[in-house]
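What follows draws every value from the coordinates through simple rules; no lab data is involved. Just so you know, these numbers come straight off a predicted model, no measurement behind them. Heads up, the Cβs are rebuilt from the backbone with ideal geometry, glycines too, and the neighbour counts pull from every protein chain shown.
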Amino acid sequence: MAKKRTLQRWSAEDAAELYGIRNWGAGYFDIAPEGDVIVHPFGRKNPVTVSIPAIIQGMRERGLNMPVLLRIENILDTQIALLHDSFRKAIKDLGYRGDYRGVFPIKVNQQQHVVEAIASFGTRYHHGMEVGSKAELFAALSQLRDEEACLICNGYKDEEFIELGLHAIRMGFLCFFVVEMPSELPLLLECSERMGVKPLIGVRAKLACKAGGHWTDSGSDHSTFGLTTTQIVDAVDALRARGMLDCFRLLHYHLGSQLPNIRDIRDAAIEASRLYVGLVKEGAPMGFLDLGGGLAVDYDGSRTNFISSRNYTLDEYCTDVVEAVMAILDENSAPHPVLITESGRATVAYYSVLLFNVLDVSRIENQGSSLAGIDELILPEDAPEASRNLLQTLQGLNLRNLQECYNDAVYYRDEIRQQFLHGKVSLRERTVAERLFWAIINRIAQEKGKLPHTPKDLAEIDLALADIYYGNFSVFQSLPDSWAIGQLFPVMPIHRLTEVPTRQAILSDITCDSDGRIDHFIDSVQGVKNTIDLHVLKEDEEYYLGVFLVGAYQETLGDLHNLLGDTNVVSVRVNEDGSFEFVRELRGDSVADILSYVEYDPRRILEGLRKAAEQAVRAGRIQPAERLPIMQAFEDGLRGYTYFER
Ligand SMILES: *Cc1c(COP(=O)(O)O)cnc(C)c1O
């Protein structure tokens, strides 16, 4: 349990514990003794660090406004190295006689820069790509230059997709076609015969075992893609009949993303190995076993089989998978295949952080006038009965009747609201009653901390009393999974961490949608909590929050709710001496960009505005000379950022 807030001394250590940064940070994120969040871009064992506030300072100097998606490029390299080193170690320790090849599934983050960085750093490990569409195939072909790296083509493939893949094989790419639907096979064989190119064929298996998690219906019998065992055997027969069984080289499955439980991963590897052995016995040359994605990220740092976590380490994942496959192959004296995994989430999640400033705070007790001195309030003769009762409740409140006072407060508050609806209570009378109500709730919130156990009803008070911090971002654009499936991401202030965070808050974005909020936060004790501990805003100082581990899936799932567009993106590369460079900056969408996405033509908008301004001149509302600054303001506005600019 974190230190009691009443203690004056609060250090970075207390903050680290409160926000759980060392649990979910995977060695990449920590807090410096001075209270700033720092990044270890080379992993926990390397002492080099860089401070996020220092990077923000650099952004400010360059005129890059919040919100910004910060990418730490080195983390991509470090994650890829970790993955390969872990597999190599497991392979060596267990005496496995096949290789490991990783591939990056492009759909997890298709940004050119990411794919380029992975292809370039990945060369030393022959790290390849997995694609699920023609566009992704182009993205992969444009970056991959390593003939030993695998290029896995999943997804529903038309003739053009297949032809492109066959051309790639001709050019020397190690390109596999994974058959996802029985109907794809005849088309593939026809194209390859016509073009005279021998394909490398794989099949995607529907496994019988299932896994728990958010995204895990891709593996089981009812998954949309993949072949059942019967269909796989049909494929063997079809290939044999055409004299092309020698093209059958790979077995693939994908159970789903974010698999929190190692048992599911092991069970699937076992079932797939049995299938693989079956295919070898059928006479297919095989040689590659592709275990798909699913390697989870511990978003909440709990190391459990909770949906936002995982109950295994990377080393355990590698060891378990290699061990499971090896046991079954050895039992059948089959040669060990090259193992492929398609880890996307685990490869890229850590490397981006969404940074934004807080624009405003609304506090319940600040709504209207302050509550000071309200105990001594003298109500007028004709005050409503319910208001009188509220005042009495407030005056009689003590540690033994908290629950009772809470019930009374809610009851009388509702009564006043009813009477207001029927015109029996005036606006001012209602306001007095509301203030009394909040005074009671505040008092209960203070007192309940002294109780050994908080009654369940009273626990909700914290949420009711939470401040709303308005962040300069859009949940829909930048954290779509937080909104769509309630995924937890670690959120915390990135500075001031030697100061006690005295406020309980929820976060609202700047869309006008009531769903544009974050009200689930990780909690080291209970797993999830409804509020986050934040600092009181300072007059002349920005307050910055970071949402961490957002590198996977968030960037292209986001939408243009309220026409808030892509954020600015800054990629930083950290040098061995701890200095850093801004290696890439992408300006976020301008207002004009966003409008053109929804079919407006910015030139015509300006033309329309010019006409409206001219009409105002004609009507004598503005002078001709006043038209110029008005039009300039509109033009600047179109070029501007879609987010709040100070
Ligand atoms: C989405 C997907 C992946 C990536 O899964 P992660 O859990 O992000 O590693 C891998 N393979 C296939 C076929 C996918 O569809």
Of the options 312, 243, 179, report the single residue whose Cα projects farthest towards the positive end of the charge dipole of the chain (beta-carbon charges: Lys, Arg +1; Asp, Glu -1).
312
Given 92/134; 107/210; 89/210; 45/538, the pairs whose alpha carbons are separated by over 31 Å:
92/134; 45/538
In deg cm²/dmol, rounded to 500, what helix-only [θ] at 222 nm does the chain give when every DSSP H run of at least 4 residues adds -39500 (n - 2.57) and the total is split over its residues?
-12500 deg cm²/dmol
State the percent of C-alpha pairs, over all pairs in segment 86-156, separated by a distance greater than 19 angstrom.
35 percent
In debye to the nearest 20, the charge dipole size for the chain, taken about the Cα centre with +1 at each Lys and Arg Cβ and -1 at each Asp and Glu Cβ, equals 200 debye
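Does segment 1-115 come out rounded, prolate or oblate by the C-alpha gyration tensor, with a ≥ b ≥ c the root eigenvalues, rounded set by a/c under 1.5 and, if not, prolate when a/b is larger than b/c and oblate if not? The partial results should precede the final answer.
Working: a/c = 2.79, a/b = 1.46, b/c = 1.91.
The shape class here is oblate.
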How much length is gained if the chain between residue 462 and residue 428 is pulled fully straight, taking 0.36 nm per residue apart and subtracting their Cα-Cα distance, in nm to one decimal?
9.5 nm
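Taking every pair of distinct Cα atoms and averaging 1/r, then inverting, what Kirkwood hydrodynamic radius in Å comes out for segment 46-111? Intermediate results must be reported in sequence, preceding the final value.
Numbers: mean 1/r = 0.0650 Å⁻¹.
Taking the inverse mean of 1/r over all distinct Cα pairs, segment 46-111 comes out at 15.4 Å.
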List, in order, the whole-Hz ³J(HN,Hα) value for each residue of segment 608-624 obtained from phi through the Karplus relation with A = 6.51, B = -1.76, C = 1.60 and θ = phi - 60°; use x for Gly and Pro.
x, 5, 4, 5, 4, 5, 5, 5, 5, 5, 4, 6, x, 6, 10, 7, x
Computed about the Cα centre, the charge dipole of segment 308-462 from +1 Lys/Arg and -1 Asp/Glu charges at the Cβ has a magnitude in debye, to the nearest 20, of 720 debye
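About its Cα centre, how strong a charge dipole does segment 355-424 have in debye, to the nearest 20, once Lys and Arg get +1 and Asp and Glu get -1 at the Cβ?
Using Cβ point charges on Lys, Arg, Asp and Glu, segment 355-424 gives about 180 debye.
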Using 19 Å as the cut-off for backbone N distance, which residues of segment 577-596 belong to the label zone defined by a point 7 Å from the Cα of residue 612 along Cα→Cβ?
591-596
With axes computed from alpha carbons, what is the tilt in degrees of helix 184-195 against the longest principal axis of the chain, rounded to the nearest 10 within 0 to 90?
50 degrees
Simple SL model, points at 7 angstrom along Cα→Cβ for residue 385 and residue 362; separation in nm is 3.4 nm
Excluding same-chain residues fewer than 8 positions from residue 448, which lysines have a Cα within less than 26 Å of its Cα?
3, 4, 456, 529
So, over other residues within a Cβ distance under 11 Å of residue 489, counting Lys, Arg +1 and Asp, Glu -1, the net charge is -2
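Counting other beta carbons within 10 Å of each residue's own, what order do 49, 502, 531 fall into, fewest first? Spell out each step's value before the answer.
Details: 49 16, 502 12, 531 19.
Listing 49, 502, 531 from fewest to most nearby Cβ atoms yields 502, 49, 531.
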